[in-house]
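For reference, the structure is listed below as structure tokens.
The values are calculated or read from the model by the stated rules, or taken from the named source; none is laboratory data. Keep in mind that what you see is a predicted model, and the values were worked out from it rather than measured. Here the Cβ positions follow ideal geometry from the backbone for every residue, glycine too, while neighbour counts run over all protein chains shown.
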Amino acid sequence: MGDQAVPVDLERGTSAQALYIQLASIFRERIMNGTWKKGQSIPPEKALCAEFKVARGTVRQALQSLEDEGYLRREQGRGTFVQLDRQSSSNGKLGTGHLAFIVPYVRDSSVSTILIGFQRVAEHAAYSVIFNHVNNDIGQQRRFGTYGPAGLGSAYRTPPGAD
């Protein structure tokens, strides 16, 4: 089953992201960082339910999402395996990419709310997201790329499959 993953507490509550989306993000990260390796079976649904203290339907929904994105394949009676195809079997589009967002400074909580919303939408579309807060330091902004208007940040997109 590979290396034991670091335990992660899911965010719960009315303003929290849906549990299956949080799980899908955690599982995707385990695949991308090599905790779950290509061709390897992942832990059984029952073990994942126990690890995250969620219902089986929640785990199944997260696994289905990753199967649709091309990260996993299920074999009845055998288990679920990492495939890292990243080609969505449902729509034929490439299933992942990277987004980087440089934030010169954060003045109030509305900025973090916008960034969290951005991250949720991007991850749902199978993009990994990188935020970098540069404390309004032009040198740091230049080091990470061309900087945009002060306070607005700059967004950079690596097309899916370009890495």
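Take R73 and tell me if it is modelled with pLDDT of 95 or more and charged (D, E, K, R). It is false that R73 is modelled with pLDDT of 95 or more and charged (D, E, K, R).
The combined condition, being part of a loop (DSSP other than H, G, I, E, B), β-branched (V, I, T) and outside the structural domain of V129 (by TED's automatic domain parsing), is fulfilled by T35.
Does L19 meet the test of being buried (at least 19 other Cβ atoms within 10 Å of the Cβ) and farther than 19 Å from R73 by Cβ? Reasoning before the result, please.
Values: buried (at least 19 other Cβ atoms within 10 Å of the Cβ): yes; farther than 19 Å from R73 by Cβ: yes.
The answer is yes for L19.
Exactly one residue among G57, G13 is surrounded by fewer than 19 Cβ atoms within 10 Å (Cβ to Cβ), more than 20 Å from Q83 (Cα to Cα) and either touching a Gly at 6+ places or on another chain (Cβ under 8 Å) or modelled with pLDDT of 95 or more (or both), and that residue is G57. Take the conditions (1) at negative phi; (2) modelled with pLDDT under 95; (3) not basic (K, R); S41 misses just one of them, which is (2).
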